[in-house]
1. Taking chain B as the reference, fit the longest principal axis to its C-alpha atoms, fit the long axis of helix B:558-567 to the helix C-alpha atoms, and give the angle between the two in degrees, 0 to 90, nearest 10.
2. Accessible area of the range B:296-501 with a 1.4 Å probe: how many percent of it is carbon plus sulfur?
3. Rounded to the nearest 0.05, what FRET efficiency is calculated for B:Phe190 and A:Val250 with R0 set to 22 Å and r the Cβ-Cβ distance?
4. What residues have an amide H closer than 5 Å to that of A:Leu645, excluding those fewer than 5 places away on the same chain, when H is modeled at 1.01 Å from N in the peptide plane?
5. Restricting things to alpha carbons, tell me how big the protein assembly as shown is in terms of Rg and Dmax, in Å.
6. How far is A:Ser332 from itself in the other copies, in nm, if each label sits 7 Å out from Cα along the Cα-Cβ line, shortest first?
7. Sequence gap at least 6, Cα distance under 8 Å: using those rules, report the relative contact order of the range A:3-284 to the nearest whole percent.
8. Residues in the range A:506-525, backbone N under 15 Å from the label point at A:Lys339 (7 Å along the Cα-to-beta-carbon vector): list them, ranges by number please.
Number of protein chains: 2
Amino acid sequence: MKKLILALTFISVSFLSGESIKSPSGALTLKFFMTPSGQPGYSLTHGEQPVTGKSVLGVLFNDGPGFHTGLKLISADTSTHYEEWNPVWGEVKTIVNHYRELRVKLEQTKDKPAYCFITFRVFDDGIGFRYEFPVQDNLQYFTVKDELTTFNLSGNHKAFWIPGDFDSNEYPYKTTRLSDIDASGGSDFFEISTKSIVGKNVVQTPLMLKTEEGLYINIFEAALKDYPAMNVSVNKDNYELRAVLVPDAVGNKAYLQTPCSTPWRTIIVSDKAEEILSSKLILNLNEPSIIKETDWIKPQKYIGIWWEMHVGKASWNYSDVRNVKLAGFDWSKVQPNGKHGATTERTKYYIDFAAKHGFAGVLVEGWNVGWEDWFGNWKEDVFDFVTPYPDFNVKGLSEYAKAKGVKLIMHHETSASATNYERWIDSAFRFMNYYGYDAVKTGYVGRIIPRGEHHDGQWMVRHYVRVAEKAAAHKIMLNAHEPVRPTGLHRTYPNWLACEAARGNEFNAWSRGNPPEHETILPFTRLMGGPMDYTPGIFQIKMDYYTPGSKFQVHTTLAKQLALYITMYSPLQMAADIPENYDRFPDAFQFIKDVAVDWDDTKILAAEPGDYIVIARKTKGKDEWFIGAITDENSREITVDLSFLGKGAPYNAEIYKDGEDASWDDNPMSYKVEKAVYKTGDKITFRMAKGGGAAVRFSR
Amino acid sequence: MKKLILALTFISVSFLSGESIKSPSGALTLKFFMTPSGQPGYSLTHGEQPVTGKSVLGVLFNDGPGFHTGLKLISADTSTHYEEWNPVWGEVKTIVNHYRELRVKLEQTKDKPAYCFITFRVFDDGIGFRYEFPVQDNLQYFTVKDELTTFNLSGNHKAFWIPGDFDSNEYPYKTTRLSDIDASGGSDFFEISTKSIVGKNVVQTPLMLKTEEGLYINIFEAALKDYPAMNVSVNKDNYELRAVLVPDAVGNKAYLQTPCSTPWRTIIVSDKAEEILSSKLILNLNEPSIIKETDWIKPQKYIGIWWEMHVGKASWNYSDVRNVKLAGFDWSKVQPNGKHGATTERTKYYIDFAAKHGFAGVLVEGWNVGWEDWFGNWKEDVFDFVTPYPDFNVKGLSEYAKAKGVKLIMHHETSASATNYERWIDSAFRFMNYYGYDAVKTGYVGRIIPRGEHHDGQWMVRHYVRVAEKAAAHKIMLNAHEPVRPTGLHRTYPNWLACEAARGNEFNAWSRGNPPEHETILPFTRLMGGPMDYTPGIFQIKMDYYTPGSKFQVHTTLAKQLALYITMYSPLQMAADIPENYDRFPDAFQFIKDVAVDWDDTKILAAEPGDYIVIARKTKGKDEWFIGAITDENSREITVDLSFLGKGAPYNAEIYKDGEDASWDDNPMSYKVEKAVYKTGDKITFRMAKGGGAAVRFSR
């Protein structure tokens, strides 16, 4: 996280209203204004095209006039910033942070005079803005009743959306015009157990949009650390979006203390879909790493005792008793159900497999007591995070793993009982340190405790950050499942390798699953905020393999599962299928063994949300490239230019592609592995089956 | 806590309905019945007098039919229990637990068959009953929507009440007929900052009642550990009381898991007010101590840096900055306000004073950072419990105290941010162990976090118990301020020496205070559940001594302040005034130095709620008796018989009494100390001024 170059050029210009600033290249123009009633606002244009028309801003307080009308513009200062910085891990080695900033000072004179700033940062690929509340005499503590931020869109754009929800983001995406959004939910979302759908016209961010004119717009937020997450309501008359914050148990939105800021509200915009995916705007709006020594943070691939539970071969729970009180429960008196996944024996098998095939980590879910009645009871004392089931020898296994050069990955399912987790977390992390675990997967399935709070409200947002900070203090890497959607905080907490926070591959095992287009949308939405632990690599596509008659299946071809290791960026990638299935397809498995997880460079070669994505990435510190190409439910042929390959000798390419008769529904496991030779400037064509994909490794 | 005698005699009798059982002596008769609609109920008579008429029972669930109507009586078993047990500390050395029990099994057949028990225990001085939910196939987890328990009173009794409230019990008592209760609050309760008054007809328990016929009835609960506290609503048409449970953040009452029970609902009844005060029914309904070794638990007197803040001589806060964020705050850069109470120097002065006069502990409030903006902001990260202010040398003081044979008493004000306290509590208790603190005073001033929860709801009830359990694990004694009202849990957790949980002496320092009758009501209400840290011993009665023109004052005479050490039972008694005031009145102070805090025996010599109380207590393990006598706003003469004194040689009595010209308002600090000689069977007459009292030490 060393800054290569830090160059700040301040050009302060005071102006009063109606002034505009342009992005460094001039591609974007932001205009700030004050309404006659004293409300601030902005508009944004991309070249000549409007991105947002006049859009008003403001924050309403519970305990004072807040900042929304009757404001006086005191000053407006502009400056230009340029820096390059190196993330601890990432898609590229060096990130350029280049923007022009407009910082306006607004005074509230209704009550005791108080002031705030709105800071706009205008990059060439979008903007971020936030409300800032400095320390001042008349503003120390305040409660946000509502945020009045709007995004006044220019038309009835195509939208890639999921319903606004205070608790879940595990929905499949819908693609409709803004006017056709119906996010009221209903049976269409039955498989999501814990949800709090906001209403018909409210959708989540990141919200991906495409205009009639072909402009791509992404609306989201950055650096959500101490505030609720933002949904947006859609006014179908004028296509104005308005912030809808997640409330707390008593209906308030946020409790703030000066100095403080809201998260950045972001608009990423380009006429090229590829540039949306390559944007580093959200990362740039986050703070640098708080972790000084980062050598213990290791991007990695892992396997785990996990998919076998999803497909019904094994259980998280050790027994089938239905009523467990952890304190004093005598597990030796319980009849095991014979299906428990996390046994010592099975874990050793996974450790052996990881050691043989070069996986750094082995996740074991269901190792700890409490799974018998962990879900659905709004139970507070549900797990203790330190007591293994009788058939899981944590000491023996930690020694066995160490001897094999493999790390066990801890699992802390909280059942959304965050109060309970906070009580145990110090013990749990000490336990991990003691037994040599250096990574944890957390889970928040269920209704939140403190009761009345939501997964995406301020209290839980602070909880997730608190867990990341505590993990960092214990040198533990973090992978959070069912948290709030990430907003680039992995810049600040690089030990926070990944999150789930969207509909992962697991839904394919036991529900109608994820439609073939799902993975072509996620990078434009959920992944804008950070890596996703999507858990790709399922080779056994259809679930009738396990359960005769089952109609459940993964909605991709096998080859597309490989491509996801490239198209779904994460420094933490699971080989999610059970080892036995990898043994059945060793040639395809070779790609998972070979693929890198940390990169010097990334090229978005082709992309259209909902249709296809082709991405090339260069392995960190190595003359090696990978390409992943995926399509939606349509078969597709895409040709891309390989001019990014290094000059000189050609590269040997190992190509993993759909069989000619492959399709996600009829013949998903048909694939071919071919070798070929390519050099820089060559073109390569991917013929992808319906729901298919391709993956290539270039090396020399 | 060794049981002297344990004798259980089971006499099982099955009967179907309409049967009655009598208390061991036959004084009370409980009748159980089922209504035609299948709802259970009971009635209670004292001799020939009705205590409650037909009173229906039941529990409503959110997630099932619950147990209220359509129930089938399956069985009814009676048994008799007799035991004697010794509390770790208490008002008497040995407690007799003698009751007859009726346990009815009720089946709910509406849904999947489920059953519960209602267990009645009938003592000679009252009854307890509770709902019990054993482990069973069709009942594991359930949510209590409401409890339908009623107490159908026989008439328009006189009631000593405070408003039903989910957050505060710091009200002065009102004495009215049931029909005249108006608990809607309003400006009458302005000085209570955090309150959630339930409504006009809802009052708190313990509710003390007196019938026209002179029967004393006390309605309360015992063993409140995992359930919300009970208020009662008063039906003014028929004088039926009905349980009103404190809701959680989403309006539910309790989350339970079988096996579980509600707290005991208690009715203590006698035609002698004295017998209400001597009842051990609530303690007997609690579970025995969970603490095996109890030698570290020490009833004690203490002084503290505390009253000087209440009277405005000093401040809890070190500085007058208004906006503190603990993490990273640089206290060395802050200007002290010059009034900080908890300085090293002042604490040494208190340690010296304690050592000189034989006090075991010195409480220091305001020692830790965060008091600048601790209240009123619903702030979560308000204290860390381990960081002293720069002018409080915790290491030096802990060594100084140890050298002087005195213990510092820790103070953990949480500002009602229970989540924050739970995060810090392990560190805070380790800090205490490290620096030799063995007692903590906790505080819960303000609105609860988790927001939406209440002081008296299930979540907080569990929190207080969790703190007591954790304290026990660290061998720490606990004194909780602003918790839920106690219900005899000090039997189970004898390290939980005392609670505030009512309107303490402090209100006299800065509000209209506590009326002279206040201390004659508290033993009949709040103290029924356990010791109160009332903080008696204020010698400087009027506050204009500190603040010229102040109208605030303690509403007693000085002599009555001494009597409170006897009439307000607690194993933890503060000498609450500042040492300088004790130096002014060394002869009166001698009583505080002499008075015991643990007792072999207690005699309630005379009592009438709202009017007067005279109690004699025998020092544990010593041939020494004390008497405390107090009156309300009326001067009063009471003569009591000293037949409890030991036979043989007479006792030397040191008598502390009101001066002849004393009265709480005009001349409260007029007192006399006299010596006399009394022997068993003598009579002693106390002439008490308005708001006055008397205290005597008998020794030989």
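1. 40 degrees
2. Values: 3250 of 6300 Å².
Carbon plus sulfur share of accessible area: 52 percent.
3. Working: r = 23 Å, r/R0 = 1.04.
Efficiency, rounded to the nearest 0.05: 0.45.
4. Residues meeting the criterion, in which the H sits 1.01 Å from N, are A:Gly681.
5. According to the Cα coordinates of the protein assembly as shown, Rg and Dmax are 35.8, 117 Å.
6. 5.6
7. Numbers: 729 pairs, mean separation 49.7, N = 282.
Reported relative contact order: 18 percent.
8. So the set is A:510.
The values are calculated or read from the model by the stated rules, or taken from the named source; none is laboratory data. Since the structure is predicted, the reported quantities are computational estimates derived from the model, not experimental observations. FYI the Cβ positions are ideal-geometry reconstructions off the backbone, even for glycines, and counts take in every protein chain you see. Accessible surface areas use protein heavy atoms only, side chains included; no ligands, DNA or RNA. Shrake-Rupley method; radii C 1.70, N 1.55, O 1.52, S 1.80 Å.
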